[in-house]
Amino acid sequence: MCIGDGGERKNLNVSKLQTYSGINLIEAENVLPGDIIVLSGIEDVKIGDTICTRDAPKALPRIVIDEPTVAMRFSVNTSPLAGTEGKNPTSTQLLERLKKETLKNVSLQVDEENIGGGFLVRSRGEFQLVILIKMLRREGCELGVTRPEVIFKYKDGKKLEPIEHLDIDCAEAYAGNVTIKLSGHKGRMLVYISHEGGRVHLKFSVPSRALIGYRDQFLTDTKGTGIMNASMSGYEEYRGDFDEFSNGFLVSDQAGKGVTYGLYNLEPHGQLFITPGESVYEGMIVGQHNQDFDLVVNPSKEKNLSNMRSVLKDEALTLTPIQPMTLERAILLLQNEEMVEVTPKSIRVRKIILSAVDRKKNARASAS
């Protein structure tokens, strides 16, 4: 018998009983307390349910899994380069793979309804979703993911948000940078303890949305020497808005490949994400703009040749080395209109709506 949530009882028939011998599974007639077992013939059993004999149906104290606090939309890769660097699963195949993952990772939840071209995956944090994306990437899959979103609740007319208890251990010289960043994102310092050797231990109460993408900033602020650990403390009333983004993007206006001449002329406008020879397409983000608005650019622009100019002079152009794009960095860059294209070979940031004309139409429709 299986005793579920609320004392619900269901009769079960066990067809096979197995236990572990080292790393191998062997069949067994009976097992002892503490053994890890595998049962066949049982369906629709959830974490926390008690399986017992019908003669003595008594439930053990139920294990409660922490509820998800962050959600991200997973979709098939719809870019012009889809299918060129890996296998691009259909929506049905992607949903089956995500549902299979929930069997092993009990804190993940997947909405089966395809809304906006993707499936909403809920988890306990941004880092857990990043691990899932990397697993799919290692399996050779291509996919697109949107910006992580915090899951809010509403109770008695009030907006509630998940709050994290954050423990930080870092050098005392970097404590000021950490405190300024977290305080500016509605974090509240709870404890400040100094240790021998010039290190300090800090405790904060921080909204979960403030920690999205903060891990990379934290490592930069502490020169890679800081240690950070967060745990869910519950839901509290919404603490208010804070500035998350300050820069726009350099968005490619056509398909082609990055050219040294075109990229060299874009460097004064911002920080580039691509190098010469990389494929680009309309709507792909090739850099971060210095200003707070998007700039449509042509990274494939070549130098006009005439009897006064020589293509050999392009060899004298030297581009500033770029930082390789990582999944964590790409997710940190995302705003509401962007998504990340993930393939086994590349990480690209792109607009959800690729066409510049369609983006303008959508902006006008939203404004009206």
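No lab work stands behind these numbers, since they all come straight from the coordinates. Everything numeric here is computed off the predicted structure, so don't read it as measured data. With ideal geometry, Cβ positions are generated from the backbone for all residues, glycine too; neighbour counts draw on all protein chains shown.
Couplings 3J(HN,Hα) for the range 149-161, derived from phi with the Karplus relation 6.51 cos²θ - 1.76 cosθ + 1.60 (θ = phi - 60°), are 10, 6, 8, 8, 10, 10, 9, 6, x, 10, 8, 10, 10 Hz, where x marks Gly and Pro. Rounded to two decimals, the Cα-based Rg/Rh of the range 47-107, with Kirkwood Rh, is 1.23. Our coupling estimate for the range 357-362, obtained by passing each phi through the Karplus curve with A = 6.51, B = -1.76, C = 1.60 and θ = phi - 60°, is 5, 5, 5, 5, 4, 5 Hz, Gly and Pro reported as x.
Considering Cα pairs under 8 angstrom that are at least six residues apart, work out the relative contact order of the range 2-51 and quote it in whole percent. The partial results should precede the final answer.
Numbers: 64 pairs, mean separation 22.6, N = 50.
The value is 45 percent.
In terms of overall dimensions, the range 249-367 has a Cα radius of gyration and Dmax of 15.2, 50 angstrom.
Per 0.36 nm of contour for each residue apart, how much would the distance between ILE131 and SER194 grow if the chain were fully extended, relative to their Cα-Cα spacing?
Values: separation 63, 0.36 × 63 = 22.68 nm, distance 3.35 nm.
Stretched out fully, the ILE131 to SER194 stretch lengthens by 19.3 nm.
Using only side-chain charges placed at the Cβ, +1 for Lys and Arg and -1 for Asp and Glu, the dipole size of the chain relative to its Cα centre rounds to 420 debye. Projected label points at ASP243 and THR318, each 7 Å from Cα along the beta carbon direction, are separated by 3.5 nanometres. Of (i) 25.7, 97; (ii) 20.4, 59; (iii) 19.0, 56, which one was derived for Rg and Dmax of the Cα atoms in Å from the structure shown? Evaluating Rg and Dmax of the Cα atoms in Å on these atoms matches (i).
Here's the list of lysines a cross-link from LYS186 could span, going by alpha-carbon distance under 23 Å and ignoring same-chain residues fewer than 8 apart: LYS153, LYS155, LYS158, LYS159, LYS203.
Under 5 Å from the amide H of VAL280 lie the amide H atoms of GLY256, LYS257, GLY258, each residue being 5 or more positions distant or on a separate chain, with H modelled from the backbone and absent for Pro and chain starts.
Spin-label model, ALA173/VAL14: points 7 Å from Cα along the beta carbon direction are separated by 6.1 nm. Pairs of lysine residues in the range 249-367 that meet both criteria, 8 or more places apart or on different chains and Cα atoms under 23 Å apart, total 10.
Size of the range 2-51: Rg and Dmax of its alpha carbons, in Å, are 12.2, 36.
Looking at the square roots a ≥ b ≥ c of the eigenvalues of the Cα gyration tensor of the range 153-237, which shape do they give, rounded for a/c under 1.5, prolate if a/b is larger than b/c, or oblate? Please report the intermediate quantities before stating the final value.
Values: a/c = 2.70, a/b = 2.07, b/c = 1.31.
Prolate.
Please identify, among GLU27, GLU43, GLU302, the residue showing maximal mean-square fluctuation in a Gaussian network model of the chain using a 10 angstrom Cα cutoff. The residue with the greatest mean-square fluctuation here is GLU27.
Please compute the length gained on full extension between THR53 and SER366, using 0.36 nm multiplied by the number of residues separating them and subtracting their Cα-Cα distance.
The THR53-SER366 span can extend by a further 106.7 nm.
Remark: C-alpha extents of the range 10-167 on the principal axes read 58, 48, 34 Å, sorted largest to smallest. Phi angles of the range 164-179 translate, via the Karplus equation with coefficients 6.51, -1.76, 1.60 and θ = phi - 60°, into HN-Hα couplings of 10, 8, 10, 9, 10, 10, 8, 5, 4, 5, 9, 4, x, 4, 5, 5 Hz per residue; Gly and Pro are given as x. Inter-part distance, the range 1-51 to the range 318-361, computed on C-alpha centroids, equals 46 Å. Working out 0.36 nm times the residue gap between LEU32 and LEU160, then minus their Cα-Cα distance, what length gain in nm do you get to one decimal? Full extension of this stretch gives 41.5 nm more.
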